[in-house]
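Worksheet for the structure shown next.
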Amino acid sequence: FSASDDDADDNDMTWRRIFVVCCSFANVMMMVASRPRGTALVLRPSHEAALVRDEASRSDVSALRLSQRALALTVIFAPVTLSAWLAVLVPVFRRRVWYKALRWSLGSAGAAFVKWSQWSATRADLFPAALRKELEKLQAAAPTHSWRYSLKAIERATGSSSFLESLEKAPMGSGSIAQVHRGVLRGGRPVAVKIRHPNVAERLALDSRLMVLAATSVDLIAPWLKFAETVAQFSETLAAQARLDVESDHLVEFGRNFKQWRDVRFPKPIFAAPSLLVETFEPGRLVNGWARSPEGPPPPDVGAYLVNRGEDVYLKMLLVDKFMHADLHPGNLLYDGPSRKRAHAPPGKKKRSVALVDAGMAARIDDVESAAFVGLIGALGAADATAAAACLLRFSPSNDAA
């Protein structure tokens, strides 16, 4: 972590490990999920890929629409672009004004930019602490759509909203693809209702085309960077995440894999459509931002529990299931249990548990990749950069000859 974080409370040291563990695994798994093999983001590779391509093909990516989208993005990013020189010269302006403006622009630009922001918020090795603190807000509090649109989306997907006894107007959280409302089914069962943002598929298609065009231009100058290939893989992975019915399939498999783990939960799908997912409501507190909350960071035993159990979960995914949650940043992890008490709750008291949500991005890995991942973890633990690099290269078939 950067030197500006060194004055944090001592208890925060254990808490930081949560971010290191979650984000290190998530960053590698995003790379695995976006590799150019058909086995990447799959339960049924051809079926899911066909679903994504079918929806993308219905989006108008004509030259006119591309020009309109490019103009819209130019307007959105104009304030931060025009004031960048001042941000460079005046650190106070950069920290107090420019970073906030950048976060607003990224949040307003659409799913691809929000997803990049979520990733960037985890990269303490690349970005300053003040910027990461701003971008963290997009992990669970991305821009929301209107209440009227939410009701229309539910009725469009199900035919009627009468299956709900109640639905909270204010969303619990909002991400790059969708926002979540808390609701209650007829009969009193609490649920989470995940509703895809408007025009996500169209904007992803347009933004992907624009990013590929920009990356292709960069490749003409520096072909060794292979920006176009990387951007295309990222765009395809993000497009798959836009299908909430695909996320439902992922949740079913994760739930089956962890059925015997009493303190690890995944939401259970109740109804799924491309733009709507109704799932069981999982209680808990988002890990995101907890360390910097007004009440202060949680005690070391809570941080230790989350880190240790998180490692258990990922090792099971890696070594046993070989099917992994590829987007587990702290905004997708819920903690439920005592936060100021002993790790082992007395009889009759609530015990600790974690819930993993937002499983739209998942990766199935093969034996070679699993071995490379284990080798990477060992190399990182041994501070062996050469071995770590060799393991990373093994994730891409194009590097087999290296």
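The values are calculated or read from the model by the stated rules, or taken from the named source; none is laboratory data. Computed from a prediction, not measured in an experiment: that's the story for all the values here. Ideal geometry is used to build each Cβ from the backbone, glycine not excepted, and the neighbour counts take in all protein chains shown. Areas reflect the complete protein model, heavy atoms only, side chains present, ligands, DNA and RNA absent. Shrake-Rupley method; radii C 1.70, N 1.55, O 1.52, S 1.80 Å.
Only residues that are modelled with pLDDT under 90 and either assigned to a loop (DSSP other than H, G, I, E, B) or touching a helix residue (DSSP H, G or I) at 6+ places or on another chain (Cβ under 6 Å) (or both): list them for the range 165-186, please. Within the range 165-186, MET172, GLY175, SER176, ILE177 meet the criteria. Among residues of the range 85-100 that are under 14 Å from LEU131 (Cα atoms), those with a beta-carbon under 7 Å from a residue that is open to solvent by 60 Å² or more (accessible area, probe 1.4 Å) at least six positions away or on a different chain give the pairs ALA87/ARG94. Residues in the range 134-159 that are in a loop (DSSP other than H, G, I, E, B) and either of a type in the set (Asp, Glu) or open to solvent by 20 Å² or more (accessible area, probe 1.4 Å) (or both): ALA140, PRO143, THR144, HIS145, SER146, GLY159. In the range 86-133, the qualifying residues are those that are among the hydroxyl-bearing types (Ser, Thr, Tyr) and farther than 21 Å from LEU333 by Cβ, and the one that is least open to solvent (accessible area, probe 1.4 Å) is SER105. Counting only residues that are among the polar types (S, T, N, Q) and touching a His at 6+ places or on another chain (Cβ under 9 Å), the range 276-315 holds 1 of them.
Suppose we keep only residues that are of a type outside the set (S, T, N, Q) and outside any helix (DSSP H, G or I) within the range 65-123. Which one would you say is nearest to LEU204 (Cα to Cα)? Steps first, answer last, please.
Here is the first cut: in the range 65-123, the ones of a type outside the set (S, T, N, Q) are 65-66, 69-73, 75-80, 82, 84-104, 106-107, 109-116, 119, 121, 123.
Of the ones still in play, those that are also outside any helix (DSSP H, G or I) are 90, 110, 121, 123.
On the way: VAL90: 35, GLY110: 8, ALA121: 21, ARG123: 24 Å.
It comes out as GLY110.
Give the residue that is farthest from the chain's Cα centre (by Cα), with candidates limited to residues of the range 164-180 that are of a type outside the set (A, V, I, L, M, F, W, C) and open to solvent by 30 Å² or more (accessible area, probe 1.4 Å). So that I can check it myself, show each step before the final result.
Step one: filter the range 164-180 for residues of a type outside the set (A, V, I, L, M, F, W, C), giving 165-166, 168-169, 171, 173-176, 179.
Now drop any that are not open to solvent by 30 Å² or more (accessible area, probe 1.4 Å), which leaves 165-166, 168-169, 171.
On the way: GLU165: 30, SER166: 28, GLU168: 24, LYS169: 24, PRO171: 18 Å.
Checked the range 164-180; the qualifying residue farthest from the chain's Cα centre (by Cα) is GLU165.
Taking the range 298-311, which residues are touching a residue at least 12 places away in the same chain (Cβ under 8 Å) and either surrounded by fewer than 18 Cβ atoms within 10 Å (Cβ to Cβ) or more than 21 Å from GLN118 (Cβ to Cβ) (or both)? Spell out how you get there, then give the answer.
First, pick out the residues of the range 298-311 that are touching a residue at least 12 places away in the same chain (Cβ under 8 Å): 298-307, 309-311.
Answer for the range 298-311, where residues must be touching a residue at least 12 places away in the same chain (Cβ under 8 Å) and either surrounded by fewer than 18 Cβ atoms within 10 Å (Cβ to Cβ) or more than 21 Å from GLN118 (Cβ to Cβ) (or both): PRO298, PRO299, PRO300, ASP301, VAL302, GLY303, ALA304, TYR305, ARG309, GLU311.
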